[in-house]
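Okay, structure first, notes after.
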Amino acid sequence: MRVFTNLFAVSSIAGLCACAALAQKPNVPFQPGEWNVNLTMVLNNGKPMNTEMQVCAANPEDAWNQKRPGQICDPVQFTRVPGGVHVQIHCKGGSGQVVTEMHVDMMTHFSSDGASYTENGTSTSSTTMPGHPPMVMNIQMKGQGKRIGPCASAAKP
């Protein structure tokens with residue numbers, strides 16, 4: 001069960017963080033299309049976990065419209081900062097009596113042409129199960145993304 005809840009949390013975080021970089025408010029440079037996203041997460045045990053994925057976004061907010069089974073998220077909070085955006089995310093998910101609550105705090109900086117970005121942040125998740133103390137996972141994250149071209153027709157949002 002512990003492995004399942006940790007994998008659920010990590011896979012959810014990876015998807016959220018990949019989208020966090022693309023889900024920017026207006027006035028942040030952004031080029032629509034297919035994005036290659038690389039994210040390195042350092043878990044509680046100090047071991048890095050690398051994730052690479054592709055995300056299609058016609059508009060910056062499209063990435064957040066992708067449904068994640070079993071997750072309910074508050075509206076994403078954005079704050080413009082010099083050269084980028086501070087993104088805060090809060091989600092809950094799980095099944096039955098196993099519930100994971102997640103908080104993500106990311107700083108994203110786009111290139112001036114809107115075709116690449118870098119991001120740094122943290123995530124804290126707490127998973128509760130009946131009869132057990134909450135399992136808390138703290139993750140340090142560092143990522144980058146690059147627009148690789150137009151979205152494949154089947155992948156368009």
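Numbers for the structure displayed
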read-out: Stretch gain in nm, segment V98-T124, where the contour uses 0.36 nm per residue and the Cα spacing is subtracted; value: 7.7 nm
read-out: Per-residue Cβ neighbour rank within 10 angstrom, fewest leading, S116, S126, S95; value: S95, S126, S116
read-out: Net +/- balance of residues flanking T51 in space, Cβ distance below 14 Å, scoring K and R +1, D and E -1; value: 0
read-out: Relative packing of peptides 100-108, 86-94, 72-80 - highest average C-beta neighbours within 10 Å first; value: 100-108, 86-94, 72-80
read-out: Cα→Cβ-extended label distance, 7 Å offset, between I72 and H86, nm; value: 2.8 nm
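Every number here is computed from the coordinates shown, using simple stated rules; none is lab data. As the structure is a computational prediction, the values presented were derived from the model and not from experiment. Backbone-built Cβ (ideal geometry, glycine too); neighbour counts: all protein chains shown.
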